[in-house]
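Any read-out appearing in this document is the output of simple, stated calculations on the displayed coordinates, not a laboratory observation. Since we're looking at a predicted model, the values are computed, not measured. Cβ: placed from backbone, ideal geometry, glycine included. Neighbour counts: every protein chain shown.
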Amino acid sequence: MSKEVGLKELLQELAEQRGFDFRGYKKTTLERRFRKRMFQLNMGSYADYAQFIRRTPDEVNELLNTILINVTEFFRDPPAWEVLRHDILPRILKQLKLGASFRAWSAGCASGEEAYSIAILLAEFFGPRILEFDIKIYATDIDEEELTIARRGEYPAEALRKIRPEWREKYFHGKGPLRVNRDIRRLVIFGRSNLGQDAPISHVNLLTCRNVLIYFDPELQEQILSRLHYALEPGGILFLGKSESQLTNSNQFRRLNSRWRIFQRITPLETRDVEDEDATFTTPREEANTNKVREELDALMLQQRYMMDTGRLGVMIIGPDDVIKQHNSAMLALYGLTPLNLVGKRLQDTDLFVRIPELAVQLRSTRLNNESSRMQSRLRAGSEERMLELTLRPVLDDRGESSGTLICCEDVTLQEKLQKTIEELQSTCEELQSANEELETTNEELQSTNEELETTNEELQSTNEELETTNEELQSLNEELETTIQELEERSKELDELNSVYTQTLEKIRLPVMLVAKDRRIQFWNSAALRLFGFRSKPPVEFQLEQLPVPEEFRNMVVRRHRAVLVKQKPILARKQDMGGRVGEVDVHFNVVTEEDHNTNVLITFEPQGTPKAVLEEAKDAERAKSK
């Protein structure tokens, strides 16, 4: 990479060479997290950081820990879990028969608290009868270190503050760090999975994905929601975070609780008004009246689903308004598309329509004449070309009126090799593509007014998601700061204790001692030094060596030797220096003292020689007083 490296180029390199694809994350979030890691390494440009990553393979894991903000807890937003416990889950779980299976999926589970929260709710509902059912809770995340913590199931007592005391006693054990009981732990299966790339877990009855989508851009959010829709069983529950409202206008989910973002997947046969803001489950009387019919319909739909997914023939049914009613996975696989659930979407809004641009004309012809039609399309798969043949057949009711169109797709590559009309088909494909582009342009013009109204709402939602992301980042940073403050307090206490010992030690020394800084400022002198220079207590202002009350010659000698010690960094002894007055001659020792922060000071010790003059004069005065 050149010196002009930006975030986009760095993300491209990480995805292609290291297998970490963050290109679907929001740019503003990525910039903050990258800058935080670069600041920790004292790097100012993406080019320098890219070079560092190439030289340091383990840096990718450190970067991953910085980008992924693993903020979670048991029963996060307790009122939301109370709604799930009392209003949502009972109506689903009561319908289960003995031996039936119930599958839950915690997507983006981090360190596992959310998955164990689900397990506790299920254990509370079933009680001892939980062993009579096939309960499986799948928990996935991209961070392997967090999954290791989740598999261990061990948490500090502070992490369990929002769990009812009786539940802590019932479902956790141990002292200090508390561990999840084995009966709860065996219900949960942890595994690494990337929501944006890996295939979703299928046939799920309850799916929680809380405050995960807020980190992705709108395009990746839409892809992930399609995967989550595909994973859910008809009538399955989707539980999002309180700041996520991507399903506000979805025609694939019914809102069960708008405040806490709880949704239910809509089945194709339901006729309930999905736009009702306060829509709930059917009443017990309605359930009793329609239970048998619904069971038969569910069984028939399940059989039909397995039949469609088993064959190699691609099958799709669309309604008169081009809304997809049913399709199998083979239809998408034949065109090299990721398996998604397209039920409820307009055909023109899918990638499949882009892959088959000539389908529009055939649909129009089939509907006008109520007759079957057949067409072929070419698709390149790697280094080979594939020819697919589509058969369109109108679906007629008892009165002979069209109620939709059945589209069947078959791989006829081998038969295509025998055909001699390739050029004519390619020309027709180009003409139909042009016609399709004109139709799309007209459609865009008609939708422009609606898009302008939706833009403001999307911007507000994006801002809310950014604020939620920033809040979680601040929460993570606050925890780091609290740890640092504790370490500094302990360090300060140790320094205070050491300083006290250091001061007492110097005070105990009988000889006069001074500690002088590099700028000749006296930082410390013991009691003996104060008495030596005639002070009864420590002076109220700081003293310089030049201010000592001694003869000028002695004072100049001390200043010169102080400077010499700092230059040579070796001890110096000045013997028999006359301090004059009452002291007399002293030996002066100069020693270098270097602190941890590399600051250099000089320790000066004064050692009197013989009997000080002051003592002799006092003795003579005493003799004179006796003789008198």
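Observations on the structure shown:
- In this structure, the residue pairs whose Cα-Cα separation is over 31 Å, taken from K175/K242; K26/K94; K508/K570, are K175/K242; K26/K94.
- Using the average count of surrounding beta-carbon atoms within 10 Å as a protection proxy, the listed peptides 384-396, 475-487 rank, highest first, as 384-396, 475-487.
- Only Lys, Arg (+1) and Asp, Glu (-1) charged, at Cβ; region 119-200 dipole about Cα centre in debye: 400
- Of the peptides 115-126, 578-589, the ranking by mean beta-carbon count within 10 Å, highest at the top, reads 115-126, 578-589.
- Nonlocal amide H pairs with G404, under 5 Å, H built at 1.01 Å: V395
- Loop-resident GluC sites (Glu not before Pro) (DSSP state other than H, G, I, E or B) in region 507-575 with no more than 12 further Cβ atoms inside 10 Å of their Cβ: E542.
- In sequence order, calculated HN-Hα J values of region 554-560 (Karplus, 6.51, -1.76, 1.60; Hz; x Gly/Pro): 5, 4, 5, 4, 5, 5, 5
- In nm, spacing of pseudo-spin labels at E466 and E553 (7 Å Cα→C-beta vector): 7.8
- Phi angles across region 47-57 convert, under the Karplus curve 6.51 cos²θ - 1.76 cosθ + 1.60 with θ = phi - 60°, into 3J(HN,Hα) values of 5, 5, 5, 4, 4, 5, 5, 5, 7, 10, x Hz, Gly and Pro given as x.
- The dipole here belongs to region 47-202: it is taken about the Cα centre, uses +1 on the Cβ of Lys and Arg and -1 on the Cβ of Asp and Glu, and is about 820 debye.
- Rounded, prolate or oblate (a/c below 1.5 giving rounded, otherwise prolate when a/b exceeds b/c) for region 78-279 by Cα gyration tensor: prolate
- Nonlocal amide H pairs with M579, under 5 Å, H built at 1.01 Å: G584, E585, V586
- Among 204-214, 38-48, 91-101, sorting by the average number of other beta carbon atoms lying within 10 angstrom of each residue, highest first, gives 204-214, 38-48, 91-101.
- The amide H of F172, built 1.01 Å from its N in the peptide plane, has N181 as neighbours under 5 Å, considering only residues 5 or more places off or on other chains.
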